[in-house]
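The values are calculated or read from the model by the stated rules, or taken from the named source; none is laboratory data. Keep in mind the model is a prediction, meaning the values are calculated, not measured. Positions of Cβ are generated from backbone atoms using ideal geometry, with glycine treated the same way; all protein chains shown enter the neighbour counts.
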Amino acid sequence: MNVSVEGAFVYFVIPIFGGIPITQTTVSSLVVTIVLCTAGILLGRRLTKRPGGVQVLVEKAVGMLYNLVSETMGPHNTYWAPYIGTVFLSSICGTLIGMTGFLRSTTADLSTTLTWAVMTSVIIWYNSIKRNGFIGWLKGFTEPVAVMTPMNIVSEIAQPVSMAFRLFGNVMGGGVITSVLYAALSTASAAVLNLIAGNGLLVCLIVTGMGIAGLAVSLKKKKKLIWKLLSLVLAVVGALALLQYFGVASNIPILQIGLPAVLSLYFDLFSGLIQAFVFCLLSMVYISSACPAPEEAEQ
Amino acid sequence: MGEFESLVGVNFWTALFTLINMILTFAILAKFLFKPVKKMIDDRQREIDDQYAQADAAQREAQRLQAEYTDKLSTARQTGEQIVKEATVRAQDRTDQILRQANQEAEAILEKAQADIALEKKKAVNDAKNEISGLAMAIAGKVVGRELTAQDQTDLVDRFIEGLGDAL
């Protein structure tokens, strides 16, 4: 069984400017943008001094965002909160959109994450130049000693690259592991079904019977959940083996049900949230170091 | 059928679209969600702070007024007591004064009366003395048969009176 891990699928190419490819990422990105903008406009409408249920939640979330930004970047940098919030929401929605199944996560494409990381870097450079002047910014690379200049330049370039690859690698890695798992489970279920069906009708019947009997007993005696599940798997596998024996169906990847959902919970949901948070946190730290408090800047 | 992009690679157009989408999302979220909500939160916070400040001020004012009124009330009570006390004292003084005056007047009247009595008595005695002496002289003239000199007469009368005075 071949497992092929590819980049975003190119739906079609618009034949102008030497061909503009419309990929899965492009579509997902557009969907995320539309969803976020619509949700933002809907949630930000009709704000009242005495908030209703939805407004309380929205205010809580926005308040938490502003608090986080204020604590991480300092009170003078609170105006960055909308940018950080946008990156966070885009990252989360971009990752979670992969769970729909037919759209690909935007963050599983290096084009997206690198754009965001470079965006943050450009903001940092812009602020450094605005504060120190262009010459002062260039001089900053020679600190603390001139010998460090190449390393400072490398670290300046490594910063967006590492940010981009961290987010991309985590989401992509999750996707790769999920597809590998699906392939492995498909192979495994084919092997099991072949093994049972290949040994004749009697074995199929015995496996099915054992499964049904086990299920009945565990239901009646109220055994633990694990016994019920095992018996259920046994019964279903036996039944499918019977079907395969009579040539009705073949190689149904029955084992793909269940386990991937648990892993998806981790790789898509948990990892997506954490990586979005990490990305924003790093952005905040880098930007705040470029925008120190007014009193610190004078020293 | 299209084809797949390479797994690790950057597509310029995708990056550009991502950037445009990001800027669009940022602009819309900032304008319609983050800033209005933040403004609403801040406004409400300010309003609450204002109201608390006003309530505090009102409470302080009320306490100040209460203290002031309590103060005034106790001052008024003290003043009242003072007035009553003074009035009592004055009344007492006046009473004493009137009594004293009355006593004095009574005493004066009494003394005058006594003096009058004494004067009247002396006058009466003198009158009686003169009467008696006249009478005695007339009697004695008859008895002696001659006119007594004025000197004899006076001596006689005086001796008689002195003897009479003991009896009086």
### Message
Looking only at the stretch B:1-19, count every residue that is more than 7 Å from chain A (Cβ to nearest Cβ) and assigned to a helix (DSSP H, G or I) and tell me the total.
### Response
2
### Candidate set from the stretch A:137-186 (those that are within 22 Å of the chain's Cα centre (by Cα) and of a type in the set (Phe, Trp, Tyr)); member that is modelled with the lowest pLDDT
A:TYR182
### Residue selected from the stretch B:36-51 under the condition more than 17 Å from A:TYR79 (Cα to Cα) and within 9 Å of chain A (Cβ to nearest Cβ), by the criterion surrounded by the most Cβ atoms within 10 Å (Cβ to Cβ)
B:ARG44
### Query
Which pairs do you get when a residue that is surrounded by 13 or more Cβ atoms within 10 Å (Cβ to Cβ), found in the stretch B:120-144, comes within reach of a residue that is assigned to a helix (DSSP H, G or I), reach meaning Cβ atoms under 6 angstrom, with the pair 6+ apart or on two chains?
B:LYS129/B:ILE161; B:SER133/B:VAL157; B:MET137/B:GLN153
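Just checking, how many residues over the stretch A:283-299 are more than 32 Å from the chain's Cα centre (by Cα) and either hydroxyl-bearing (Ser, Thr, Tyr) or modelled with pLDDT of 75 or more (or both)? So that I can check it myself, show each step before the final result.
Initially, the stretch A:283-299 is screened for residues more than 32 Å from the chain's Cα centre (by Cα), giving A:293-299.
Filter once more, keeping what is either hydroxyl-bearing (Ser, Thr, Tyr) or modelled with pLDDT of 75 or more (or both): none.
So the answer is 0.
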### Query
What pairs can you find where one residue is in the stretch B:68-91 and in contact (Cβ under 8 Å) with a residue 60 or more places away in the chain, the other is part of a helix (DSSP H, G or I) and among the hydrophobic types (A, V, I, L, M, F, W, C), and their Cβ atoms are less than 7 Å apart, with a gap of 6+ or different chains?
none
### Task
Return only the number of the condition from (1) facing chain B (nearest Cβ under 10 Å); (2) surrounded by 22 or more Cβ atoms within 10 Å (Cβ to Cβ); (3) in contact (Cβ under 8 Å) with a residue 60 or more places away in the chain; (4) farther than 18 Å from B:ILE20 by Cβ that A:VAL69 does not satisfy.
(1)
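Quick test for you: out of A:ILE41, A:ILE84, A:ILE16, A:ILE22, pick the one residue that is crowded, with 16+ Cβ neighbours inside 10 Å and either more than 9 Å from chain B (Cβ to nearest Cβ) or under 30 Å from B:ARG46 (Cα atoms) (or both). Give the steps one after another, and end with the answer.
Numbers: A:ILE41 fails: crowded, with 16+ Cβ neighbours inside 10 Å; A:ILE16 fails: crowded, with 16+ Cβ neighbours inside 10 Å; A:ILE22 fails: either more than 9 Å from chain B (Cβ to nearest Cβ) or under 30 Å from B:ARG46 (Cα atoms) (or both).
None of the other options fit; the residue is A:ILE84.
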### Query
If A:PHE102 passes every condition in (1) part of a helix (DSSP H, G or I); (2) free of Cβ contacts under 8 Å to residues at least 24 places away in the same chain; (3) within 35 Å of the chain's Cα centre (by Cα) but one, which one does it miss?
(1)
### Members of the stretch A:102-124 that are exposed (fewer than 15 other Cβ atoms within 10 Å of the Cβ) and at pLDDT 85 or above
A:VAL122
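Do the conditions hold for A:ALA197, that is, is it without any contact (Cβ under 8 Å) to a residue 40 or more places away in the chain and surrounded by 19 or more Cβ atoms within 10 Å (Cβ to Cβ)?
On the way: without any contact (Cβ under 8 Å) to a residue 40 or more places away in the chain: no; surrounded by 19 or more Cβ atoms within 10 Å (Cβ to Cβ): yes.
Here the answer is no, as A:ALA197 does not meet what is asked.
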### Selection from the stretch B:20-34 of residues that are touching a Gly at 6+ places or on another chain (Cβ under 9 Å) and more than 7 Å from chain A (Cβ to nearest Cβ)
B:LYS31
### Task
Go over the candidates A:VAL87, A:VAL35 one by one and state the one that is in a helix (DSSP H, G or I) and within 15 Å of the chain's Cα centre (by Cα).
A:VAL87
### Task
Could you look through the stretch A:25-38, keep only residues that are within 8 Å of another protein chain (Cβ to nearest Cβ) and of a type in the set (Val, Ile, Thr), and pick out the one that is surrounded by the most Cβ atoms within 10 Å (Cβ to Cβ)?
A:THR25
